[in-house]
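So the structure is just underneath, and the comments pick up after that.
The values are calculated or read from the model by the stated rules, or taken from the named source; none is laboratory data. It should be emphasised that the depicted structure is a prediction, and the values quoted were computed from it without experimental measurement. All Cβ positions, even for glycine, are placed from backbone atoms using ideal geometry, and neighbour counts span all protein chains on display. What goes into the accessible areas is simple: the full protein's heavy atoms, side chains included, and nothing from ligands, DNA or RNA. Shrake-Rupley method; radii C 1.70, N 1.55, O 1.52, S 1.80 Å.
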Amino acid sequence: MGNAQSPSNNDPRYVSAARAFTQKELEDLRSLFNHLAAQSQNNAKCISPSVFQSYFGLHGPLGERMFDLVTQERKDQRLTFEDLVVAKATYEKGTKDEIEEYIFRLLDVSGDNFITRSDLKIVMIAIFNNILCIKDSQDRSSSHEDIVNIFLNAAKFSMHNEGGTEETMSFEDFRNWCTHLPSVKKLLGSLLLPPGSGRPGSQIPKLLTSTAIDPNIILLRKEYAWHIRGALSQHDLEDWNLLYHSSVNGLSFNTFLGNISNHAGPTVLIIKDKEGYIYGGYASQPWERHADFYGDMKCYLFQLNPVASIFRPTGANNNLQWCAINFTSEDIPNGIGFGGRVNHFGLFVSANFDQGHTFSCTTFGSPCLSKTNRILPEVIECWGVTQVATQDKHDAVKGTVLERFKEDRNMLKMVGLANSSE
């Protein structure tokens, strides 16, 4: 049994936490608590673990760990109203440091005060299987476990646990991991919102391809799309439409430019090279002929395999996008790229589409994205990003969760549903 006691109305922890909410918000939280406690078969005095996990869509070790944290690790299987207020005040309304500390503790699913690769693996499996509901596909060359591992490969474990067999993650290691995996941080910071409410970090772009294309040749898996989208605003729900695929259209710069010419919005460029590495860039501006760098601070680079990472602009310079077409000067290399400087790009593919390079660059704070600086593309994909109309988003929400809980909209507003699109 834990030593902590459930906070009461007079407990300083509860009194302090309650100040984070308006009176109306506290009443809505009370309504939510009463609703869940009534289903818990304990005289409606507290919320049981099973009801808690079912309502928030958190199952298995991750759901158990969240319940432990909300109940302050008392191990009494009883979640009180005061527990709920204290937890939501810290987890959702706390300072940046308080929220990150809460998420850091959440990752310790084994509850032994150490965070290992095994802990992270359990969390990532829970995210894909239970929260995002992305199931493994036997048609894919990469297994679900392989995909989980690319997210784990982005983590560092710089501490040694004398009594354990695995290295452990420091708080600084955790922060660096979250910096490179914004989707993970967003989602782990929103788990006390009800599922289906537009939880931050839960959005996966709708991937649109021709029915004539074999899905097994597509590089962009749902897990990859979720990862890439993590650097984008919560406001933007998108369809991603496959504009170009080298296995279908050929490794041709001219065909690439022709296929994307009618798309005015952002694009996602993905490359798989002959070393098997997969990486690319998010281009916020159209690919158009320029004699110098262009673009804006919404561009970024990413890695997908064998490690998942995102590298956003550092502000060191404005060398964001590059698209040179039919120039004759050696000082203006023809091709497309991101970051760095001329002939030393963060990522560059020549106009022949048969070679390129990737160097570490200060533009994005990114490393060499492949095994070597010189790259030989094997597959190139380009996806057009189209933002879904605001009215469509509103109708989609109205027709699902809001409709389901329309009799108690104020309560849902409190837990984040009504404001999920803001």
Expected output for region 258-272 (first residue closer than 15 Å to residue 284 by Cα, partner of a type in the set (Asp, Glu), Cβ below 7 Å, 6+ apart or cross-chain) is 270/381
If we ask which residues in region 64-112 are touching a strand residue (DSSP E or B) at 6+ places or on another chain (Cβ under 9 Å) and either part of a loop (DSSP other than H, G, I, E, B) or farther than 30 Å from residue 41 by Cβ (or both), their number turns out to be 3
Item to complete: Answer with yes or no whether residue 375 is touching a residue at least 60 places away in the same chain (Cβ under 8 Å) and either more than 13 Å from residue 300 (Cα to Cα) or of a type in the set (Val, Ile, Thr) (or both).
Response: yes
Checked against (1) assigned to a helix (DSSP H, G or I); (2) under 30 Å from residue 34 (Cβ atoms); (3) hydrophobic (A, V, I, L, M, F, W, C); (4) at pLDDT 95 or above, residue 126 satisfies every condition except (4)
Of the listed residues (397, 349, 342), the one being assigned by the TED database to the domain that holds residue 233 and either at pLDDT below 95 or crowded, with 22+ Cβ neighbours inside 10 Å (or both) is 349
Margin query: Among the residues of region 232-253, are any modelled with pLDDT under 95 and within 19 Å of residue 151 (Cβ to Cβ)?
Written below: yes
Do we find that residue 8 is modelled with pLDDT under 95, farther than 15 Å from residue 89 by Cβ and surrounded by 14 or more Cβ atoms within 10 Å (Cβ to Cβ) in this structure? no
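With the structure loaded, tell me whether residue 43 is surrounded by fewer than 16 Cβ atoms within 10 Å (Cβ to Cβ) and in a helix (DSSP H, G or I) or whether it fails that test. Working first, answer last.
On the way: surrounded by fewer than 16 Cβ atoms within 10 Å (Cβ to Cβ): yes; in a helix (DSSP H, G or I): no.
When the stated conditions are applied, residue 43 does not pass them.
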Flagged in region 243-298 as outside any loop (DSSP other than H, G, I, E, B), among the small types (Gly, Ala, Ser) and within 23 Å of residue 368 (Cβ to Cβ), in numbering order, are 246, 280, 281, 283
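From the list 175, 199, which residue is out of contact with any Phe, Trp or Tyr (no Cβ under 8 Å at 6 or more places or on another chain), among the charged types (D, E, K, R) and modelled with pLDDT under 95? Break it down stepwise before answering.
Values: 175 fails: modelled with pLDDT under 95.
After applying the criteria, what remains is 199.
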Note to self: When you check residue 314 against the structure, is it exposed (fewer than 15 other Cβ atoms within 10 Å of the Cβ), farther than 15 Å from residue 373 by Cβ and under 25 Å from the mean Cα position of the chain (by Cα), yes or no?
What the structure shows: yes
Residues of region 299-332 being farther than 19 Å from residue 367 by Cβ and part of a loop (DSSP other than H, G, I, E, B), in sequence order, are 318, 325, 326, 327, 328, 329, 330, 331, 332
Expected output for region 20-31 (first residue assigned to a helix (DSSP H, G or I), partner polar (S, T, N, Q) and open to solvent by 80 Å² or more (accessible area, probe 1.4 Å), Cβ below 6 Å, 6+ apart or cross-chain) is 28/410
The condition of being in the same structural domain as residue 84 (by the TED database) and open to solvent by 60 Å² or more (accessible area, probe 1.4 Å) holds, among 211, 179, only for 179
All-but-one check, residue 263 against (1) of a type outside the set (Asp, Glu); (2) open to solvent by 50 Å² or more (accessible area, probe 1.4 Å); (3) over 18 Å from the mean Cα position of the chain (by Cα), failing number (2)
If you go through 358, 328, the only one that is more than 30 Å from residue 196 (Cα to Cα), of a type in the set (Ser, Thr, Tyr), outside the structural domain of residue 149 (by the TED database) and free of Cβ contacts under 8 Å to residues at least 12 places away in the same chain is 328
Screening 272, 222, 185 for residues that are more than 30 Å from residue 33 (Cβ to Cβ), within 15 Å of the chain's Cα centre (by Cα) and open to solvent by 10 Å² or more (accessible area, probe 1.4 Å) leaves only 222
For region 172-188, pairs from a residue that is closer than 12 Å to residue 100 by Cα to a residue that is in a helix (DSSP H, G or I) and of a type in the set (Asp, Glu), with Cβ under 7 Å and 6 or more apart or across chains, are 175/100
Residue 120 meets each of (1) in contact with a Leu (Cβ under 6 Å, 6 or more places away or on another chain); (2) touching a residue at least 60 places away in the same chain (Cβ under 8 Å) with one exception, condition (2)
